[in-house]
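The values are calculated or read from the model by the stated rules, or taken from the named source; none is laboratory data. Not measured: the values here are computed from a predicted model. So basically every Cβ, Gly included, is an ideal-geometry build from the backbone, and we count neighbours across all protein chains shown.
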Amino acid sequence: MASAVLEILKEIQELDLKLLTIEKEEEELRRKIDEATRDAERFATFAQRLEEDLKELREEKREREGRLQENRARIQKDQKRLNEVKNEKQYKALLKEIENAEKAVKLLDIEITSFEEKIARKEEELEKKRQAVDEKNRGVESLRQELEEKTAVWRRQTEEIRAKRQSLAEKLNPLVVRRYEMIRERRGGIGIIGVKNETCLGCFIQIPPQVYNQLRKGSEELITCPHCHRILYFEGNNQTSAT
């Protein structure tokens, strides 16, 4: 009887929807892991760039500090030479050199202070980025652990569902099962759907009255919707809709 076949197909579809739900849950969790991993990598890249910026700033600061020491040493040397100068022209020239070196020292002091401030800001920013990277990595690890735990459950559930599905499918003509599977693949996972008030609950289009009457009275053959081509059954008082 077609009614018995329909009941088995409805059970098979329910199992197929459970399998589909498991697949979607796994896909969604893997998507979250990929997204979280990309975020962690992006933050790590930011941190690496900050480290490179810090390296350059520290090198420039060291270069200014080296020049500062050179100018201070020159000032000390020239001040000592003042006592050894024999004429006024050399004395004035030496004073000019000392003056220029002192100006250079003041300028270098300002630049070094500026670099110190920049370095302090960069170090603070880098520390925040490192903390963010650690947080992102912990999030990734947590999601991976969740995936590992859920995968074991999903595999067990999938095996149980497929075994039950196989048992049900063996009760039907293979051609009927194949027909249902082909429709399901083409119609978003829904191969069999109810009809209520002369309307297919899969595509929500009204079916011909004679087809509706056939379903209501019962038919020896499987009847499909003339619009969405899903296998139909009389819904009665229980409404089911496709997604």
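Set side by side, the residues 125, 146, 117 differ, and just one is surrounded by 12 or more Cβ atoms within 10 Å (Cβ to Cβ), more than 30 Å from residue 13 (Cα to Cα) and assigned by TED's automatic domain parsing to the domain that holds residue 56, which is 125. Close contacts from the range 113-138, counting a first residue that is under 10 Å from residue 57 (Cβ atoms) and a second that is basic (Lys, Arg) and assigned to a helix (DSSP H, G or I), with Cβ to Cβ under 9 Å and a gap of 6+ residues or different chains, come to 115/58; 115/61; 115/64; 116/61; 118/61; 119/58; 119/61. Scanning the range 65-102 for residues that are among the hydrophobic types (A, V, I, L, M, F, W, C) and free of Cβ contacts under 8 Å to residues at least 12 places away in the same chain, we see that the one that is farthest from residue 114 (Cα to Cα) is 85.
Residue 211 falls short on exactly one of the conditions (1) touching a helix residue (DSSP H, G or I) at 6+ places or on another chain (Cβ under 9 Å); (2) assigned to a helix (DSSP H, G or I); (3) of a type outside the set (S, T, N, Q), and that condition is (1). Quick one: would you say residue 105 is surrounded by 12 or more Cβ atoms within 10 Å (Cβ to Cβ) and either within 60 Å of the chain's Cα centre (by Cα) or among the small types (Gly, Ala, Ser) (or both)? Criteria met by residue 105. Scanning the range 53-102 for residues that are part of a loop (DSSP other than H, G, I, E, B) and exposed (fewer than 13 other Cβ atoms within 10 Å of the Cβ) yields a count of 4.
Candidates in the range 192-243 are the residues that are modelled with pLDDT of 90 or more and basic (Lys, Arg); of these, the one that is surrounded by the fewest Cβ atoms within 10 Å (Cβ to Cβ) is 196.
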